[in-house]
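Here is the structure we will look at, set down as structure tokens.
The values are calculated or read from the model by the stated rules, or taken from the named source; none is laboratory data. This one's a predicted model, so the numbers in the text were calculated from it and none came from an experiment. Ideal geometry is used to build each Cβ from the backbone, glycine not excepted, and the neighbour counts take in all protein chains shown. These area figures cover heavy atoms from the full protein model, side chains too; ligands, DNA and RNA do not enter into them. Shrake-Rupley method; radii C 1.70, N 1.55, O 1.52, S 1.80 Å.
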Amino acid sequence: KEEDLEHSREAVLNSNDPERQLNWAQAALHWSDNAIQARIRAAVGSERGRPVTPSIERKIREDALQVVSFLADQGHPKADFLRSTWYEFGKFGYPEDTKEAFAGYRRAGEKGYARAEYRMGTKYEAMKDMVNAIQHYQQGVANGDSASNYRMGMMALLGQHGQPQNFEAAVSMIRFAADTADENAPQGAYVYGMLLARELPNI
């Protein structure tokens with residue numbers, strides 16, 4: 001993976017296609033994050049101290065962070081969303097800042113980036129504000145977001161949060177979530193598999 005990312009790095013950085021740049025940056029940061037966690041796990045119990053980040057990996061990560069930050073500053077919704085996740089979870093040297101994360105999600109959502117609606121929905125749900133949570137999930141469903149379809153599908157499946165139990169609607173949304181699952185929203189595929197295997201009780 002490192003070889004692939006390094007081989008394509010210069011071409012991506014010199015590209016005028018922001019989607020290509022963001023796809024590369026997202027893959028690079030996901031890989032780098034996994035590599036960091038693997039080194040930390042390997043160092044547990046050893047006496048070598050904090051593991052050192054290899055120079056090529058550091059350069060790839062720095063370039064990826066710069067790509068996302070530059071495009072976020074230009075108002076690109078996906079870049080704004082990605083940077084907001086760093087604020088939400090305190091990743092890549094960014095401090096945990098829920099307010100900044102939510103503001104970025106709102107900007108991305110207003111520009112039609114559907115996954116931002118799901119993230120805003122989860123924030124409202126954590127605050128027990130289901131009226132606003134459902135509003136954002138429903139907007140995510142309308143925009144074709146996998147995670148939002150999963151969440152609203154589960155509410156329909158179980159009759160949660162004042163939503164009427166509706167198996168037909170639930171299965172339709174969960175199947176859509178499964179068909180459009182990605183690394184940040186795999187739950188729909190898992191639950192749809194459970195439905196097909198008849199592993200969910202009373203359903």
222 nm mean residue ellipticity, helices alone, for the chain (DSSP H n ≥ 4; -39,500 (n - 2.57); rounded to 500): -23000 deg cm²/dmol
Protection proxy ranking, peptides 143-149, 22-28, average beta carbon neighbours within 10 Å, highest first: 143-149, 22-28
Under Karplus coefficients 6.51, -1.76 and 1.60, residue-wise ³J(HN,Hα) of the stretch 94-107 in Hz, glycine/proline x: 8, x, 5, 8, 4, 5, 5, 4, 5, 4, x, 4, 5, 4
Calculated from backbone phi, Karplus (6.51, -1.76, 1.60) coupling profile of the stretch 128-140 in Hz, x at Gly/Pro: 6, 9, 6, 4, 6, 4, 5, 4, 6, 4, 5, 5, x
Accessible-area ranking of His76, His161, largest first, probe 1.4 Å: His161, His76
Residues with amide H under 5 Å from that of Ala185, placed H, sequence gap 5 or more: none
Size of electric dipole in the stretch 41-194: Cβ of Lys, Arg +1 and of Asp, Glu -1, about Cα centre, debye, nearest 20: 280
Relative contact order for the stretch 108-203, counting Cα pairs under 8 Å that sit 6 or more residues apart, in percent: 19
Dipole axis of the stretch 1-99 (+1 Lys, Arg; -1 Asp, Glu on Cβ), positive-most option in Gly90, Ile40, Gln26: Ile40
Most positive-pole-ward Cα, Ile134, Gly144, His76, against dipole of the chain from beta carbon charges: Ile134
Ordering of 84-91, 113-120, 165-172 by packing [mean C-beta count within 10 Å, highest first]: 113-120, 84-91, 165-172
Value in Å of the Kirkwood radius, where the stretch 54-148 supplies the Cα pairs that are averaged: 13.7
Sequence-separation-based contact order of the chain, relative, with Cα cut under 8 Å and 6+ spacing, percent: 10
